[in-house]
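As structure tokens, the structure follows; a few thoughts come after it.
The values are calculated or read from the model by the stated rules, or taken from the named source; none is laboratory data. Since the structure is predicted, the reported quantities are computational estimates derived from the model, not experimental observations. Counting neighbours? That spans all protein chains shown, and the Cβs are built from the backbone with ideal geometry, glycine included.
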Amino acid sequence: MRTTASILHLDLDAFFAAVEQRDKPSLRGKPVIVGGVGLRGVVSTASYEARVFGVGSAMPMHEARGRCPNAAFLSGRFDAYRQASAVVMGLLRELSPLIEPLSLDEAFVDLAAGPARALDDEWLLQLAAQLRVRLTEATGGLTASVGLGSSKFMAKVASELAKPNGVRLVTPGTEADTIAVLPARAIPGVGPATMERLTKLGVVTIADLRELSAAELVRELGKASGEHLHELASARDDRAVEPERETKSISMEDTFEHDVADAEVLAGVAERHAAKVVSRLVKAGMFARTVTLKVRWPDFSSVSRSRTLNGATDRVEVVAQVAKALLDGLDVSQGVRLLGVGVSGLVEVAQEPLFDLEVAAPGRVVEEAEAPVSRRPLTWLPGADVVHAEFGPGWVWGSGLGRVTVRFETAATGPGPVRTFAADDPELASAVPPEGPVEPMAPAAG
Ligand code: TTP
Ligand code: MG
């Protein structure tokens, strides 16, 4: 174990919603909910203003509408999220060459792998403070929470404690005390399935967990998970920060001759794709952290849903099971034109999910909807960027009954006016997101 808090964990605050509020001035300070617009759509994230009403990630959209009817409901703009993410990851790479991105908005940085430094608490806190200021500048207003600790687990716990928009450093030597009062589910990888078993053993907090022997935990959860949990409960974690490989993803997809609406047939196709993807993964000697399922509908719109495991795998059963679970979340009755399965988040080291029970548990699913590729889509997705020949850039506020309402504003304007058009108005076109702030120049060497 290290003696300095030299692992940094960064997580952006209300990421998708914060990007929307940045680019849509009229939504700043208001409840914003980003999520799937389809029948079984779920919430991707909610702004902190909406969380007050009990809305959170993974909640069905209809429930979110019930709890917070006045929120802005948006379908998400992944190009804008990817752009913001690239800026943030660029800033982290300036701190150290060893960074491990976990998702678009989250990464570990091993500060001990950078140039020789003192790495004392004071210096680390100063570095984190500077990073947060630069990040807000470079992204045009996003905020991040930063944790520092002597292990991945501690850094992650620290950023969680710092949320939102804060910094926290767990001083080396105080790790076990810091986590004692936290609920057992604060341990990475402890999800609903593991928690259910732990509850039966009377465990609520990490301190309760520490009362149990390794043997008891092994009996309840199996050898690997039990031993691992015993270590983490005492704040022992020596997992290394793992960089990603050059190859970014591997995928397989098929367009059907006739649209397929049979869920079982589709599940079979997903399984076959998973097998091919995994055989390429194994040949390359890699392990994947994220599984993605892509579906194109008869109207050429498409959706891709992905789930990030709490480890990295090269097991075909795991990839197939996750792909099928992602498919299960979609209503395929209208038929499917194309089905694809892919893996990404590739690393060189096997990191089996920390807890076997949680491998295919539901939970963090990221869903990206794409309108058909055309200047004038058949459906105007709420929140999408558009441009009008006369009024300029704006975003879709709502649509239906052959009309579309647009608010004309951008990150650089104040709140703008709203106007309604015929959905097929030739003056109105979908647009790529406005260019985000440019990546800051790398600082001079030294
Ligand atoms: P999170 O970091 O979990 O959530 P957040 O950034 O919105 O809020 P905070 O960190 O302040 O608690 O996830 C990052 C983004 O990933 C989130 O903005 C939307 C997306 N996401 C999903 O699409 N589905 C999910 O189930 C979760 C948890 C996140
Ligand atoms: Mg976040």
Are there any strands (runs of 3 or more DSSP E) wholly within the stretch 352-438 with 2 or more residues that are at pLDDT 95 or above, within 16 Å of ligand 2 (Cβ to nearest atom) and closer than 30 Å to Ala240 by Cβ, and if so which?
none
Cβ-Cβ under 8 Å pairs, at least 6 apart or on other chains, the stretch 118-133 side at positive phi, far side outside any helix (DSSP H, G or I):
Leu119/Thr4; Leu119/Ala5; Leu119/Ser6
Quick check on my filter: what residues within the stretch 105-126 are within 12 Å of Leu8 (Cα to Cα) and within 16 Å of ligand 2 (Cβ to nearest atom)?
Glu106, Ala107, Phe108, Val109
Tell me the strands (runs of 3 or more DSSP E) entirely within the stretch 1-53 that contain at least 3 residues that are under 21 Å from Ser306 (Cα atoms) and of a type in the set (Lys, Arg).
none
The listed residue being surrounded by 21 or more Cβ atoms within 10 Å (Cβ to Cβ) and of a type in the set (Ser, Thr, Tyr), out of Ser234, Ser306:
Ser306
What number of residues within the stretch 185-211 satisfy the criterion of being in contact (Cβ under 8 Å) with a residue 40 or more places away in the chain and in contact with a helix residue (DSSP H, G or I) (Cβ under 7 Å, 6 or more places away or on another chain)?
8
Could you count how many residues in the stretch 10-36 are within 11 Å of ligand 2 (Cβ to nearest atom) and in contact (Cβ under 8 Å) with a residue 60 or more places away in the chain?
8
Among the candidates Ala180, Ala240, Ala215, which residue alone is in contact with a Lys or Arg (Cβ under 8 Å, 6 or more places away or on another chain) and hydrophobic (A, V, I, L, M, F, W, C)?
Ala180
Could you tell me which residue of the stretch 37-55 is nearest to ligand 2 (Cβ to nearest atom), considering only residues that are in contact (Cβ under 8 Å) with a residue 60 or more places away in the chain and surrounded by fewer than 23 Cβ atoms within 10 Å (Cβ to Cβ)?
Tyr48
